[in-house]
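Q: This structure is in C-alpha coordinates; I'll ask about it shortly.
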Amino acid sequence: MAGAADAGVCGVCFNHCKYKSKGSGFNMVAWEEFKNVGVVPCNERARFNNVTGEKVTFVSNQWAYTVKYYKGRTKSAMYGRGWRKFYEDNNLGKGQMVVFHLDEPSPTASILWFQVGNGSEDEQPMEEGDPIEDSDSGNEDGEASSDDGEGIVRTRGLLLNEIEDAQLQGLLPLSDGFIGFAFVHRLTRTDIRLGMMKIPKKVAAATPFEEQGVVCISVDGRRFKKISYKTTDDGRIVFGSKKWKNFAASRGLKVNTAILIGFKSSERDDVHVLVILKKLG
(Lines give C-alpha, C1' and ligand atoms only; values in the text may rest on other atoms or scores of the structure.)
Protein backbone atom coordinates (compact mmCIF):
# COMPACT_ATOMS: atom_id res chain seq x y z
CA MET A 1 0.00 0.00 0.00
CA ALA A 2 2.91 2.30 -0.60
CA GLY A 3 1.90 5.61 -1.98
CA ALA A 4 -1.41 5.80 -0.11
CA ALA A 5 -0.13 8.54 2.13
CA ASP A 6 0.70 10.70 -0.88
CA ALA A 7 -2.93 11.05 -1.92
CA GLY A 8 -5.54 13.31 -0.33
CA VAL A 9 -8.12 12.26 2.22
CA CYS A 10 -11.26 10.97 0.49
CA GLY A 11 -14.51 12.75 1.35
CA VAL A 12 -16.46 9.45 1.26
CA CYS A 13 -14.32 7.02 3.27
CA PHE A 14 -12.08 9.55 5.12
CA ASN A 15 -9.06 7.45 4.14
CA HIS A 16 -6.29 7.53 1.55
CA CYS A 17 -7.87 5.35 -1.14
CA LYS A 18 -6.21 6.55 -4.35
CA TYR A 19 -3.79 3.66 -4.67
CA LYS A 20 -3.81 0.21 -6.25
CA SER A 21 -4.96 -2.50 -3.87
CA LYS A 22 -2.29 -5.11 -3.06
CA GLY A 23 -4.90 -7.62 -1.94
CA SER A 24 -3.32 -8.46 1.43
CA GLY A 25 -4.88 -5.77 3.60
CA PHE A 26 -5.70 -2.10 3.92
CA ASN A 27 -5.20 0.98 6.09
CA MET A 28 -7.86 3.02 7.90
CA VAL A 29 -7.02 6.50 9.16
CA ALA A 30 -8.53 7.46 12.53
CA TRP A 31 -10.67 10.61 12.23
CA GLU A 32 -12.99 12.53 14.56
CA GLU A 33 -15.85 9.98 14.56
CA PHE A 34 -13.71 6.84 14.30
CA LYS A 35 -15.00 5.67 17.69
CA ASN A 36 -18.48 5.26 16.21
CA VAL A 37 -17.73 4.04 12.70
CA GLY A 38 -14.74 2.81 10.73
CA VAL A 39 -15.31 3.32 7.01
CA VAL A 40 -13.51 0.87 4.70
CA PRO A 41 -11.40 2.57 2.00
CA CYS A 42 -13.32 2.96 -1.27
CA ASN A 43 -10.80 0.95 -3.30
CA GLU A 44 -10.96 -1.98 -0.83
CA ARG A 45 -14.73 -1.97 -0.25
CA ALA A 46 -15.83 -4.48 -2.92
CA ARG A 47 -13.15 -7.02 -2.00
CA PHE A 48 -13.81 -6.71 1.74
CA ASN A 49 -17.57 -7.00 1.14
CA ASN A 50 -17.01 -10.30 -0.69
CA VAL A 51 -15.16 -11.94 2.20
CA THR A 52 -17.33 -10.69 5.08
CA GLY A 53 -20.89 -11.05 6.32
CA GLU A 54 -23.05 -8.86 8.56
CA LYS A 55 -20.43 -9.26 11.30
CA VAL A 56 -16.62 -9.27 11.19
CA THR A 57 -14.31 -10.85 13.77
CA PHE A 58 -10.67 -9.76 13.89
CA VAL A 59 -7.79 -10.00 16.35
CA SER A 60 -5.78 -7.11 17.78
CA ASN A 61 -3.17 -7.45 20.55
CA GLN A 62 -4.33 -11.03 21.16
CA TRP A 63 -7.93 -9.92 21.77
CA ALA A 64 -10.77 -10.87 19.43
CA TYR A 65 -13.39 -8.29 18.49
CA THR A 66 -16.68 -8.96 16.71
CA VAL A 67 -18.13 -5.87 15.05
CA LYS A 68 -21.18 -5.16 12.93
CA TYR A 69 -20.56 -4.52 9.25
CA TYR A 70 -22.67 -2.34 6.98
CA LYS A 71 -22.39 -2.98 3.21
CA GLY A 72 -23.56 -0.03 1.15
CA ARG A 73 -23.49 0.75 -2.54
CA THR A 74 -20.99 3.56 -2.10
CA LYS A 75 -19.79 3.16 1.49
CA SER A 76 -19.17 0.19 3.81
CA ALA A 77 -18.29 0.47 7.49
CA MET A 78 -17.65 -1.35 10.76
CA TYR A 79 -19.54 -0.13 13.81
CA GLY A 80 -21.37 -1.19 16.99
CA ARG A 81 -20.39 -2.08 20.54
CA GLY A 82 -17.53 -4.34 19.42
CA TRP A 83 -16.03 -1.58 17.31
CA ARG A 84 -16.26 0.94 20.18
CA LYS A 85 -14.55 -1.56 22.51
CA PHE A 86 -11.75 -2.05 19.97
CA TYR A 87 -11.36 1.76 19.80
CA GLU A 88 -11.29 2.17 23.59
CA ASP A 89 -9.05 -0.84 24.34
CA ASN A 90 -6.40 0.48 21.95
CA ASN A 91 -6.70 4.15 22.98
CA LEU A 92 -7.27 5.16 19.38
CA GLY A 93 -7.52 8.77 18.33
CA LYS A 94 -7.04 11.14 15.46
CA GLY A 95 -3.56 10.81 13.93
CA GLN A 96 -3.36 7.02 14.19
CA MET A 97 -3.72 4.37 11.53
CA VAL A 98 -5.28 0.90 11.81
CA VAL A 99 -3.74 -1.68 9.47
CA PHE A 100 -5.96 -4.66 8.66
CA HIS A 101 -4.15 -7.81 7.50
CA LEU A 102 -6.45 -10.13 5.56
CA ASP A 103 -4.01 -12.86 4.53
CA GLU A 104 -3.80 -14.37 8.03
CA PRO A 105 -5.83 -17.42 9.21
CA SER A 106 -8.22 -14.76 10.59
CA PRO A 107 -8.13 -10.99 10.01
CA THR A 108 -5.82 -9.04 12.31
CA ALA A 109 -5.48 -5.35 13.08
CA SER A 110 -2.39 -3.45 14.19
CA ILE A 111 -2.11 0.19 15.28
CA LEU A 112 0.37 2.73 13.90
CA TRP A 113 0.98 6.40 14.55
CA PHE A 114 0.46 8.35 11.35
CA GLN A 115 0.28 12.07 10.56
CA VAL A 116 -2.37 12.91 7.98
CA GLY A 117 -0.96 15.46 5.52
CA ASN A 118 0.44 18.64 7.01
CA GLY A 119 -2.39 19.37 9.43
CA SER A 120 -3.89 22.08 7.24
CA GLU A 121 -7.58 22.96 7.28
CA ASP A 122 -8.01 21.61 3.75
CA GLU A 123 -7.22 18.06 4.83
CA GLN A 124 -9.67 17.77 7.71
CA PRO A 125 -12.61 15.66 6.46
CA MET A 126 -15.07 16.58 9.22
CA GLU A 127 -15.36 20.37 9.12
CA GLU A 128 -18.85 21.73 9.49
CA GLY A 129 -20.36 23.22 6.34
CA ASP A 130 -21.00 26.92 5.98
CA PRO A 131 -24.31 28.04 7.48
CA ILE A 132 -27.23 28.74 5.15
CA GLU A 133 -28.82 32.15 5.35
CA ASP A 134 -32.03 32.37 7.36
CA SER A 135 -33.50 35.41 9.04
CA ASP A 136 -35.35 33.41 11.72
CA SER A 137 -32.42 32.38 13.85
CA GLY A 138 -28.67 31.96 13.80
CA ASN A 139 -29.12 28.30 14.71
CA GLU A 140 -31.41 27.22 11.88
CA ASP A 141 -28.63 25.96 9.68
CA GLY A 142 -28.23 22.69 11.54
CA GLU A 143 -24.69 23.50 12.68
CA ALA A 144 -23.92 21.19 15.53
CA SER A 145 -21.76 20.80 18.58
CA SER A 146 -20.99 17.39 20.03
CA ASP A 147 -21.15 16.20 23.60
CA ASP A 148 -18.94 13.12 23.65
CA GLY A 149 -19.89 12.36 27.24
CA GLU A 150 -23.49 11.80 26.19
CA GLY A 151 -22.76 10.36 22.74
CA ILE A 152 -25.02 12.93 21.11
CA VAL A 153 -24.82 15.96 18.85
CA ARG A 154 -26.83 19.08 19.64
CA THR A 155 -27.79 21.97 17.39
CA ARG A 156 -25.27 24.66 18.24
CA GLY A 157 -26.65 27.02 20.87
CA LEU A 158 -29.57 24.72 21.74
CA LEU A 159 -31.14 25.37 25.14
CA LEU A 160 -33.57 22.87 26.68
CA ASN A 161 -35.97 23.71 29.47
CA GLU A 162 -36.00 21.69 32.69
CA ILE A 163 -38.71 19.27 31.53
CA GLU A 164 -37.09 18.70 28.11
CA ASP A 165 -33.67 18.12 29.64
CA ALA A 166 -35.03 15.68 32.22
CA GLN A 167 -36.76 13.69 29.50
CA LEU A 168 -33.62 13.68 27.37
CA GLN A 169 -31.52 12.33 30.25
CA GLY A 170 -34.11 9.62 30.79
CA LEU A 171 -33.72 8.47 27.17
CA LEU A 172 -29.92 8.33 27.25
CA PRO A 173 -27.92 6.34 26.52
CA LEU A 174 -29.79 4.91 23.56
CA SER A 175 -29.91 1.12 23.24
CA ASP A 176 -27.25 -0.86 21.39
CA GLY A 177 -29.52 -1.09 18.35
CA PHE A 178 -28.83 2.57 17.56
CA ILE A 179 -25.73 3.58 15.59
CA GLY A 180 -23.57 6.69 15.33
CA PHE A 181 -24.58 9.86 17.13
CA ALA A 182 -28.07 10.80 18.26
CA PHE A 183 -29.09 14.34 17.29
CA VAL A 184 -30.89 16.78 19.61
CA HIS A 185 -32.61 19.65 17.81
CA ARG A 186 -35.39 22.20 18.21
CA LEU A 187 -37.57 22.34 15.10
CA THR A 188 -37.53 25.69 13.33
CA ARG A 189 -39.72 27.47 10.81
CA THR A 190 -37.24 26.39 8.14
CA ASP A 191 -37.71 22.75 9.17
CA ILE A 192 -41.51 22.82 9.39
CA ARG A 193 -42.86 25.52 7.07
CA LEU A 194 -40.26 25.29 4.32
CA GLY A 195 -39.69 21.56 4.73
CA MET A 196 -35.89 21.94 4.81
CA MET A 197 -35.02 19.38 7.49
CA LYS A 198 -31.27 18.76 7.58
CA ILE A 199 -29.08 16.34 9.48
CA PRO A 200 -25.63 17.80 10.32
CA LYS A 201 -22.55 16.53 8.54
CA LYS A 202 -21.06 15.22 11.77
CA VAL A 203 -24.11 13.02 12.41
CA ALA A 204 -24.44 11.93 8.78
CA ALA A 205 -20.79 10.85 8.56
CA ALA A 206 -21.18 8.46 11.51
CA THR A 207 -24.32 6.84 10.02
CA PRO A 208 -24.52 4.65 6.87
CA PHE A 209 -26.20 7.19 4.60
CA GLU A 210 -25.43 6.97 0.90
CA GLU A 211 -25.14 9.97 -1.45
CA GLN A 212 -28.91 9.72 -1.94
CA GLY A 213 -31.61 7.21 -1.18
CA VAL A 214 -34.54 6.47 1.12
CA VAL A 215 -35.03 6.41 4.89
CA CYS A 216 -37.92 5.11 6.96
CA ILE A 217 -38.81 7.70 9.59
CA SER A 218 -41.01 7.39 12.65
CA VAL A 219 -41.98 9.03 15.92
CA ASP A 220 -41.45 6.61 18.83
CA GLY A 221 -40.77 3.68 16.47
CA ARG A 222 -44.35 3.39 15.19
CA ARG A 223 -45.96 4.09 11.78
CA PHE A 224 -42.82 4.39 9.68
CA LYS A 225 -42.95 6.52 6.54
CA LYS A 226 -40.54 6.31 3.61
CA ILE A 227 -38.88 9.63 2.70
CA SER A 228 -36.19 10.26 0.11
CA TYR A 229 -32.98 12.08 1.04
CA LYS A 230 -29.86 13.43 -0.59
CA THR A 231 -26.44 14.59 0.54
CA THR A 232 -25.70 18.28 0.02
CA ASP A 233 -22.37 19.62 -1.19
CA ASP A 234 -21.42 20.48 2.41
CA GLY A 235 -22.02 16.90 3.61
CA ARG A 236 -25.37 17.33 5.33
CA ILE A 237 -28.41 15.11 4.74
CA VAL A 238 -31.62 16.81 3.63
CA PHE A 239 -34.98 15.03 3.51
CA GLY A 240 -37.41 15.33 0.61
CA SER A 241 -39.38 18.49 1.34
CA LYS A 242 -42.93 17.45 0.42
CA LYS A 243 -42.97 14.09 2.22
CA TRP A 244 -41.15 15.51 5.24
CA LYS A 245 -43.72 18.30 5.58
CA ASN A 246 -46.57 15.76 5.32
CA PHE A 247 -44.89 13.54 7.90
CA ALA A 248 -44.32 16.42 10.31
CA ALA A 249 -47.93 17.60 10.02
CA SER A 250 -49.36 14.09 10.49
CA ARG A 251 -47.23 13.45 13.60
CA GLY A 252 -47.88 16.78 15.30
CA LEU A 253 -44.34 18.13 14.89
CA LYS A 254 -44.42 21.90 15.25
CA VAL A 255 -42.08 24.87 15.33
CA ASN A 256 -40.12 24.96 18.63
CA THR A 257 -40.71 21.26 19.37
CA ALA A 258 -37.52 19.77 20.83
CA ILE A 259 -36.68 16.32 19.46
CA LEU A 260 -34.12 13.56 19.89
CA ILE A 261 -33.29 11.72 16.64
CA GLY A 262 -31.69 8.28 16.66
CA PHE A 263 -30.58 6.09 13.76
CA LYS A 264 -30.63 2.36 13.10
CA SER A 265 -29.41 0.25 10.20
CA SER A 266 -32.11 -1.06 7.88
CA GLU A 267 -32.39 -4.69 6.79
CA ARG A 268 -34.34 -3.69 3.67
CA ASP A 269 -32.52 -3.23 0.36
CA ASP A 270 -34.67 -0.22 -0.59
CA VAL A 271 -34.16 1.63 2.72
CA HIS A 272 -30.72 2.71 3.95
CA VAL A 273 -31.43 3.98 7.46
CA LEU A 274 -34.23 3.94 10.05
CA VAL A 275 -34.74 7.40 11.61
CA ILE A 276 -36.57 7.43 14.95
CA LEU A 277 -37.70 10.69 16.57
CA LYS A 278 -38.60 11.26 20.22
CA LYS A 279 -40.44 14.42 21.26
CA LEU A 280 -39.03 16.13 24.34
CA GLY A 281 -41.18 18.02 26.80
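The values are calculated or read from the model by the stated rules, or taken from the named source; none is laboratory data. All values reported here derive from a predicted model rather than from experimental measurement. Ideal geometry is used to build each Cβ from the backbone, glycine not excepted, and the neighbour counts take in all protein chains shown. When the accessible area is computed, the model is the full protein with side chains, heavy atoms only, and any ligands, DNA or RNA have been set aside. Shrake-Rupley method; radii C 1.70, N 1.55, O 1.52, S 1.80 Å.
Q: Looking only at region 217-228, which residues are open to solvent by 10 Å² or more (accessible area, probe 1.4 Å) and touching a residue at least 40 places away in the same chain (Cβ under 8 Å)? So that I can check it myself, show each step before the final result.
A: To start, the set of residues in region 217-228 that are open to solvent by 10 Å² or more (accessible area, probe 1.4 Å) comprises 219-226, 228.
Within region 217-228, Val219, Asp220, Gly221, Phe224, Lys226 qualify.
Q: Also, I was wondering about something else. Of the residues Asp269, Asp191, Asp234, which single one is among the charged types (D, E, K, R) and part of a helix (DSSP H, G or I)?
A: Asp191
Q: Out of (1) over 13 Å from the mean Cα position of the chain (by Cα); (2) farther than 19 Å from Thr155 by Cβ; (3) touching a residue at least 24 places away in the same chain (Cβ under 8 Å), the odd one out for Lys264 is which?
A: Unmet condition: (1).
Q: Moving on. For region 36-46, indicate whether the set of residues that are touching a Gly at 6+ places or on another chain (Cβ under 8 Å) and under 21 Å from Gly180 (Cα atoms) is non-empty.
A: To start, the set of residues in region 36-46 that are touching a Gly at 6+ places or on another chain (Cβ under 8 Å) comprises 36-37.
After this cut, where a residue has to be under 21 Å from Gly180 (Cα atoms) as well, the list is 36-37.
Within region 36-46, one or more residues are touching a Gly at 6+ places or on another chain (Cβ under 8 Å) and under 21 Å from Gly180 (Cα atoms).
Q: How many of the residues in region 237-256 are surrounded by 14 or more Cβ atoms within 10 Å (Cβ to Cβ), part of a helix (DSSP H, G or I) and among the basic types (Lys, Arg)?
A: Residues that pass the stated criteria total 2.
Q: Pairs, please: C-beta under 8 Å, at least 6 apart or cross-chain, first residue within 24 Å of Gly80 (Cα to Cα) and in region 178-192, second assigned to a loop (DSSP other than H, G, I, E, B) and of a type in the set (S, T, N, Q)?
A: Listed pairs, sorted by first residue: Ile179/Asn36; Ile179/Thr207; Gly180/Asn36; Gly180/Thr207; Phe181/Asn36; Phe181/Thr207.
Q: Considering only residues of region 204-230 that are of a type in the set (Asp, Glu) and under 14 Å from the mean Cα position of the chain (by Cα), which is nearest to Lys75 (Cα to Cα)? Don't jump to the end; show me each part of the working.
A: Looking only at region 204-230, we keep the residues that are of a type in the set (Asp, Glu), and these are 210-211, 220.
If we keep only those that are under 14 Å from the mean Cα position of the chain (by Cα) too, we end up with 210-211.
Working: Glu210: 7, Glu211: 9 Å.
By that ranking, first place goes to Glu210.
Q: OK, next. For region 17-30, give me each residue that is in a loop (DSSP other than H, G, I, E, B) and modelled with pLDDT under 80.
A: We begin by selecting, within region 17-30, every residue in a loop (DSSP other than H, G, I, E, B); these are 17-24, 30.
Selection gives Lys18, Tyr19, Lys20, Ser21, Lys22, Gly23, Ser24.
Q: For Ala205, work out the one condition from (1) open to solvent by 30 Å² or more (accessible area, probe 1.4 Å); (2) out of contact with any strand residue (DSSP E or B) (no Cβ under 7 Å at 6 or more places or on another chain) it doesn't fulfil.
A: (1)
Q: Additional query: Kindly list the number of the only condition in (1) open to solvent by less than 10 Å² (accessible area, probe 1.4 Å); (2) over 23 Å from Ala30 (Cα atoms); (3) among the small types (Gly, Ala, Ser) that fails for Gly177.
A: Tallying (1) open to solvent by less than 10 Å² (accessible area, probe 1.4 Å); (2) over 23 Å from Ala30 (Cα atoms); (3) among the small types (Gly, Ala, Ser), Gly177 fails exactly one: (1).
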